[in-house]
Amino acid sequence: MRARGETDDGWKWKLIWADGLAGVTLAAYAVPVALAYATLAGLPPVVGIYGYMLGGLAYALLGSSRHLAIGPTSAISLLVGASIAPMAAGDPARLVQVASLVALLVAGLAVTAWALRLSTLTSFVSDTILLGFKAGAGISIAVTQLPSALGVPGGGDHFVERVATLGHQLGGTNPVVLAVATGALALLLLGDHLLPGRPVALVVVVLSIVATTVLGLHDRGVATVGAIPAGLPTIGLPGIRARDVDGVEALAAACLLLAYVESVSAARALASKHGYDVDVRRELLALGGANLLVALGHGYPVAGGLSQSAVNEKAGARSRMALVVASVTLGVSLLFLTGLLRNLPKAVLAAIVLVAVKGLIDLREIGRLRRVSRLEFRVAIIALVGVLVLGILKGVLLAVVASILLLLHRAAVPHVAVLGRIPHTTRFSDLGRNPDNERTPGVCIFRVEGPLLYFNVDHVLREMLKHVDTQPEAVRLVVCDLSTSPYVDLAGARMLTRLSSELTTRSVVLRLAEGHSTVRDILRAEGLDARVGPISRRISVADAIAAFERAGVA
């Protein structure tokens, strides 16, 4: 906050200093994490640094969040690595080429979605599905890193194969590698607890490099990352072949969906904390720009992640200028410091990934979901198991399909509440939830808690007629409270006409109450007011019953 009496120049320098410090801190965090995530993707470690450096520059120019940090994420790294490995046939250069092509396609899709105003893309993945997907991805990522932490070769193309292979190799665990990984894990977890938001991973990396060099851990089976190319990335289009594009289109779409959901979630959380707004449509353009620049620099898809953004925010970032400082710092590191990373143990990178993904597996939230909604809990478990059994790409697609099916299920079978009068009032509520409510003799009052659409009207009609036909006394009036039905399509209007006809054969009168304006318009256009009387927002359930009784029909 600006101090009283502080000059404009003083305030500006204070902001510049804050962003500068945050940028250097973010770069210190990014180096080890970027190396680890690139390794997770099966790419040369330096490619991860390219993602942070170039993605941050583009987002600083195009983004709307003051705190979001752009770079590789664990889920996208695993998704890309698992999907493109078969296309590269073991050729590292080819692997980078295909990964860059994926980033280029992500950029194209993001800009297209921005141009078409498809910022509602995030709506297709519910929080429930995302919870299960993240947990499945976290478990899958952890299993891929355990061989490096144990000093065994690992293997297998799918989760079950990897687990089985790891089980057979446990007897060959290298105790020195395990000690390095365990020590790194302990320091990282302790740092997370005592110094949240600080670049503890960089300290662990430095300590591990010193230990490996001084103690000669190479000779004891501790694998290291080896030589990392010095210098800035060359800029140019990745090699494009038609069959490559066909092979990665679905992967690019899945990466964009994950990147956008993750980025917008993190940006909104930080914006809410600091009292400003995020333009979610502009975030699509920013993601497109970030992935375009990363693709030109031979990187792989990037996104805004909550962990790196939290580091940026806690380090005191005030604007996107912190990303520029971080990118410059990373550029300097690429020019002069990569030689120092030669002796970085792969076991330490595995530990960094393991600590990073623990946040993906939110057991507390999954347990809470089980208590709140068994249906959504089952859907989350389907997403989790889908990622593990089908793989992360098909798991993403399954998560989207499951989200849509859950939405359709809710819309297809809306709750048809039977209402009763709240004692001593003229208001009505659900008898199922409020059994002390008063029933009106000879009257059934229904409230459909959702829109009336072509795929749910049969369910609604069936529920209403079943209730009318099972009443112990003759029903003379049915009132439909439309206050919770924001939309009625043509099939919904015709269903109400059918309901009126069915009730007429039973000598029952139908009345409608509290319809929204758009609902009233379509019902009147269908001629329903001629069958059931006036349709008005001002006609309440109590009004409909009173008018019926005054008419002397009851």
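Descriptive notes on the structure:
- Failed item, numbered, when P44 is tested on (1) within 27 Å of G155 (Cα to Cα); (2) part of a helix (DSSP H, G or I): (2)
- Residue among L431, L405 that alone is under 30 Å from V160 (Cβ atoms) and free of Cβ contacts under 8 Å to residues at least 24 places away in the same chain: L405
- Exclusive hit being farther than 15 Å from A315 by Cβ, surrounded by fewer than 17 Cβ atoms within 10 Å (Cβ to Cβ) and not β-branched (V, I, T), set L188, L195, L170: L170
- Of all residues in segment 534-554, exactly one satisfies the criterion of being surrounded by 17 or more Cβ atoms within 10 Å (Cβ to Cβ) and either without any contact (Cβ under 8 Å) to a residue 24 or more places away in the chain or over 19 Å from F428 (Cβ atoms) (or both), namely I535.
- Set T234, T213, T224, T173: member being touching a Pro at 6+ places or on another chain (Cβ under 8 Å), touching a residue at least 12 places away in the same chain (Cβ under 8 Å) and assigned by TED's automatic domain parsing to the domain that holds V152: T224
- If only residues of segment 444-462 that are under 21 Å from I545 (Cα atoms) and charged (D, E, K, R) are counted, the one that is surrounded by the fewest Cβ atoms within 10 Å (Cβ to Cβ) is E449.
- Listed by position, the helices (runs of 4 or more DSSP H) enclosed by segment 318-391 that each have at least 1 residues that are farther than 23 Å from A36 by Cα are 321-336, 363-372, 374-390.
- Meets criteria (of a type outside the set (A, V, I, L, M, F, W, C), surrounded by 14 or more Cβ atoms within 10 Å (Cβ to Cβ) and closer than 23 Å to D469 by Cβ) for R520: no
- Subset of segment 466-505 (residues that are loosely packed, with under 14 Cβ neighbours inside 10 Å and either in a loop (DSSP other than H, G, I, E, B) or at positive phi (or both)): T470, Q471, P472, E473, A474, P486, Y487
- Candidate set from segment 361-398 (those that are surrounded by fewer than 22 Cβ atoms within 10 Å (Cβ to Cβ) and closer than 30 Å to T224 by Cβ); member that is modelled with the highest pLDDT: I361
- Check on P441, in contact (Cβ under 8 Å) with a residue 12 or more places away in the chain, surrounded by fewer than 18 Cβ atoms within 10 Å (Cβ to Cβ) and in a loop (DSSP other than H, G, I, E, B): yes
- For P233: the one exception among (1) outside any helix (DSSP H, G or I); (2) over 22 Å from G71 (Cα atoms): (2)
- Summed over segment 418-438, the residues that are of a type in the set (V, I, T) and either surrounded by 15 or more Cβ atoms within 10 Å (Cβ to Cβ) or not assigned by TED's automatic domain parsing to the domain that holds Q471 (or both) give a count of 1.
- Which listed residue, of A89, A115, A93, A107, is in contact (Cβ under 8 Å) with a residue 40 or more places away in the chain and either assigned by TED's automatic domain parsing to the domain that holds I382 or within 23 Å of R282 (Cβ to Cβ) (or both): A107
The values are calculated or read from the model by the stated rules, or taken from the named source; none is laboratory data. This is a predicted model, so every value here is computed, not measured. All Cβ positions, glycine included, derive from the backbone under ideal geometry; neighbour counts span all protein chains shown.
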